[in-house]
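For reference, the structure is listed below as structure tokens.
Quick note: the coordinates plus some simple rules give every number you see, no bench work behind them. Only a predicted model underlies this, so the values are computations on that prediction, with no experimental measurement involved. Because the Cβ atoms are built from the backbone with ideal geometry, glycine has one as well, and the counts that use them run over all protein chains shown.
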Amino acid sequence: MILERLVVENFRQFRGRQEIVFADNRSRNVTLVHAENGFGKTTLLNAFRWALHGDDGLTDDFEKPEEIINDVEARSGRDPNEVAAAVELTFKHDLERITITRKLTLAQQRADHHKPLLTVEVMRDGQTFNNVAGPAQKIRTIVPEGIAEFLFFNGENIDHLAMEENSAKVAEAIRVMLGLELLKTTINDLKHPNVRGKFVKELRDHTSEEKQALLDEQQAGDADLAKIGERRAQVGKEIESCDREVQLIEHKLEANREAAELQLRRGRLQTDERELQAKRTETTRRLSRLIAEDGYTLFAQGLVARGREIVAALRAEGKIPARVLNTFLQELLESGNCICKRCLEPGSDHRKAVENLLTIAGDQEFNNAVGALDHALGLIDGVSSKTRENLQVFNAERLELSTQIRRVEEELEEIHQKLGAKNDNQVQELEEARRNHLLKRDSLQKELGRLGEKEEALKARAAEIKKAVDAIVESEEQARLAQRRMDAVDDCIKTLEDILAAEIAELRPELNKEINRHFKDVIDKDYWCELSEDFKLRARKQVISGSTTEATDVAANTALRQSLSLAFVGSLVSMAAKRAEIPTILFGVSGSVYPVVMDSPFGSLDLSYREGVAKMLPSLANQVVAFVSSSQYNGPVENVFSKGGLIGKRYYLVYHGPKLPAEARQQLRIEGENVQLYQQSAEEFTVIKEI
């Protein structure tokens with residue numbers, strides 16, 4: 001998918017026909033759009049998503065999705081069937097040039113804004129095919145809805161991928177972007193009541209009452225598992241929505257003069273809290289490992305003391321070390337010669353003297369065993385002392401970290417109280433909404449935990465039922481046939497699940513290489529990025545602990561999580577392009593080239609991270625489109641782009657309105673040229689201009 005042109009017409013604040021032609025030169029692959037906050041960056045992002053997937057594709061922070069048409073045009077008084085908003089997106093894909101047009105008239109918006117007119121035009125081999133049948137399906141084959149959110153996104157919100165609770169989202173992204181979704185869909189289809197359920201019913205109809213009862217329970221359990229899966233997916237989306245709403249509210253509080261200082265302080269405290277919690281988690285992990293590996297030594301002191309008493313008694317009795325060993329005497333008797341060279345002939349006095357020594361000689365194995373015991377007692381005693389010392393250190397660390405976390409939580413609560421008591425209705429409303437979203441998120445997290453426990457219990461019971469069902473021997477041919485059919489479906493499901501797991505396992509090392517390649521552009525510290533087996537994105541570092549060095553997680557703040565998430569997206573896009581070349585089980589799966597389009601990629605980053613992300617952006621995809629404000633662009637970002645010659649196309653948004661929005665600039669200096677970002681006007685609208 002190579003972007004060529006985006007045309008917006010009367011789409012929200014973009015009045016009239018506006019267009020962007022995208023850079024397609026691989027050495028200058030960045031299309032940059034300069035825009036102050038409130039001028040239309042988020043609207044442009046949603047223009048892409050609306051063109052591709054309609055209302056279902058719009059971002060959660062896109063307010064009033066039922067009002068797509070430019071407000072000035074909607075109030076013009078013209079025929080509602082003539083007034084319309086439209087987005088036209090043209091791109092190349094494989095050997096085709098495709099133009100998607102989604103159009104909504106004012107009459108349609110008033111009746112049902114969910115039903116705009118969608119047309120797809122395809123040019124192939126010099127021929128043009130208008131009004132392609134099944135346009136929505138055509139789009140989904142190129143850009144499935146599951147992919148769109150990883151290609152067209154708000155950079156300030158992308159950090160959620162690196163949150164531990166969103167590992168399922170990461171796994172889904174890998175399946176969708178790397179051509180594995182068909183396997184997952186096939187597995188789900190086989191589990192559907194229309195397939196496996198049909199054979200279960202057939203088996204039930206031809207089997208014993210005992211087996212019927214088990215199968216009924218099995219079907220009920222499968223239905224419950226399906227419901228839990230659907231609810232977990234829904235809860236996950238609701239949690240993501242809560243996170244985005246909280247983030248949006250916090251941005252609004254930062255922009256409010258009354259709340260800005262407190263909100264910025266809260267942001268720093270939240271980062272401190274996450275870092276402290278990560279350290280406490282790591283300390284708890286190390287403590288758990290210490291107890292699991294060496295904790296037994298703390299309870300072995302009585303045994304050590306008793307063992308040493310026994311060894312001391314044996315030593316006092318002269319039994320250890322033995323003055324002479326029985327094995328030595330046996331060797332002398334077998335050889336027939338004493339150490340003094342006397343012959344030890346059978347029946348001789350000399351031989352009898354040696355044989356008599358056997359009654360008092362020490363046993364070699366006994367000596368070895370006592371020696372090993374004495375050595376082990378010494379080791380246990382030494383480990384016990386070190387374990388007790390480490391236990392005290394780790395407990396002290398955990399207690400101190402818990403105390404620091406409580407202090408931070410108290411200060412955060414104090415900030416909440418101060419914001420809630422501000423003599424500003426907007427601040428009070430925002431703070432109350434933020435608290436409500438956090439409470440809802442906590443409730444959803446608890447529900448997710450309960451659903452997980454219930455799911456595990458149902459799976460365990462399902463395994464028991466399957467074992468019991470398999471143990472019942474059928475006597476009738478129809479029942480045996482139905483059982484074989486159901487077993488075949490189960491075997492097929494298991495095989496496909498194994499292939500899917502193996503495929504992802506083979507792709508994960510390649511993904512880690514790609515993620516690290518992008519991540520190293522941002523981070524100048526000795527960190528590396530790792531995608532764990534359970535699909536958690538995390539930054540890692542080496543920590544020296546005593547005489548050993550071990551890898552541990554880095555406490556991830558917002559900037560680090562955003563960097564991780566961007567690196568992950570870039571790795572998916574890169575691997576999707578070369579998918580057919582990656583030698584895995586499903587060798588030869590066709591790959592696709594995708595662009596990356598992002599709003600505010602630098603918004604929540606400090607200066608040190610902005611430079612690194614600016615260096616990373618051009619390598620994320622063959623085409624990169626970024627919407628940036630002047631505050632995000634000035635400084636390190638401008639230096640990277642100017643020196644690197646990375647920008648192929650550059651645009652800026654001009655806002656027309658009665659008053660310049662707060663904190664927005666009226667002019668911007670770009671590459672030595674002054675451009676006007678604001679024009680006074682009685683009516684509000686935005687115009688796209690190329691530099």
*Rounded to a whole number, what is D in µm²/s for region 640-680 from Stokes-Einstein with the Kirkwood radius over alpha-carbon pairs (37 °C, 0.692 mPa s)?*
276 µm²/s
_Inter-centroid distance (Cα atoms) of region 641-676 relative to region 622-638, Å_ = 11 Å
*What are the GluC sites (Glu not before Pro) within region 15-115 that DSSP puts in a loop, where the Cβ has at most 14 other Cβ atoms within 10 Å?*
Glu63, Glu66, Glu67, Glu82
_Please compute the Kirkwood hydrodynamic radius over region 395-529, one decimal place, Å, based on all pairs of different Cα atoms._
22.2 Å
_Under Karplus coefficients 6.51, -1.76 and 1.60, residue-wise ³J(HN,Hα) of region 113-120 in Hz, glycine/proline x_ = 5, 6, 10, x, 7, 10, 10, 10
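Which GluC sites (Glu not before Pro) does region 174-272 hold that lie in a coil by DSSP with at most 16 other beta carbons within 10 Å?
Sites meeting the loop and neighbour criteria: Glu258.
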*What is the gain in length, in nm to one decimal, between Leu303 and Leu225 on full extension, counting 0.36 nm per residue of separation less the C-alpha to C-alpha distance?*
23.1 nm
*Taking neighbour counts of Cβ atoms within 10 Å as a proxy for exposure, in what order, fewest first, do Cys242, Cys529, Cys343 appear?*
Cys343, Cys242, Cys529
*Between Asn337 and Glu261, what is the label-to-label distance in nm when each label sits 7 Å out along the Cα-to-Cβ direction?*
10.1 nm
*Mind grabbing the base-10 log of I(q)/I(0) for region 1-107 at q = 0.10, 0.14, 0.19, 0.21 Å⁻¹? Debye formula, identical points on the C-alpha positions, no solvent, two decimal places.*
-0.31, -0.59, -1.01, -1.18
*Sort Lys41, Lys279, Lys198 so that the residue with the fewest other Cβ atoms within 10 Å of its own Cβ comes first and the one with the most comes last.*
Lys198, Lys279, Lys41
*At what distance in angstrom do the alpha carbon centres of region 18-37 and region 45-103 lie from each other?*
19 Å
*Once amide H atoms are built 1.01 Å from N in the peptide plane, which residues 5 or more positions from Ser592, or in another chain, come under 5 Å H to H?*
Ala577, Arg579
_Too-long pairs where the Cα-Cα distance tops 28 Å, listed order kept, from Lys169/Lys615; Lys103/Lys252; Lys494/Lys520; Lys92/Lys689; Lys252/Lys541_ = Lys103/Lys252; Lys494/Lys520; Lys252/Lys541
*Search the structure for amide H atoms under 5 Å from the amide H of Phe14, placed 1.01 Å from N in the peptide plane, and list their residues when 5 or more places away or on another chain.*
Thr686
*Alpha-carbon centroid distance for the pair region 431-502 / region 184-244, whole angstrom*: 7 Å
